[in-house]
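The values are calculated or read from the model by the stated rules, or taken from the named source; none is laboratory data. Remember, it's a predicted structure, so these values are computed and weren't measured experimentally. Here the Cβ positions follow ideal geometry from the backbone for every residue, glycine too, while neighbour counts run over all protein chains shown.
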């Protein structure tokens, strides 16, 4: 998936693959938009994509911890409290089949990759898909 983003991203966009939610603290100074793609569970059918702008109660409902230790919600909250969060944060939560660490991607999630790439690319280009907070 990362290779597809690197091919289609706007020139001034950095693409990173990280597994630690605390990496949101490392957004470069001057970054105006942070886009996070993360797995979720219990918000829809496997492979469905949810666009959520931070802050949003639906992110808080996912809890403060995850299989990574600290959860994305807690990491975003910490970054905001420390003044290290870009002015806009958009999370694309992709509904997985399982949240087991190292379980790999399901066919449903793999099938959603082209749509994820399209929606994130549109977001980065200033053309959000209009389905805000779906």
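The residue that is modelled with the highest pLDDT, among those in the range 113-125 that are over 11 Å from residue 4 (Cα atoms) and out of contact with any strand residue (DSSP E or B) (no Cβ under 9 Å at 6 or more places or on another chain), is 122.
Residue 130 falls short on exactly one of the conditions (1) at pLDDT below 65; (2) within 19 Å of residue 33 (Cα to Cα); (3) in contact with a strand residue (DSSP E or B) (Cβ under 9 Å, 6 or more places away or on another chain), and that condition is (3).
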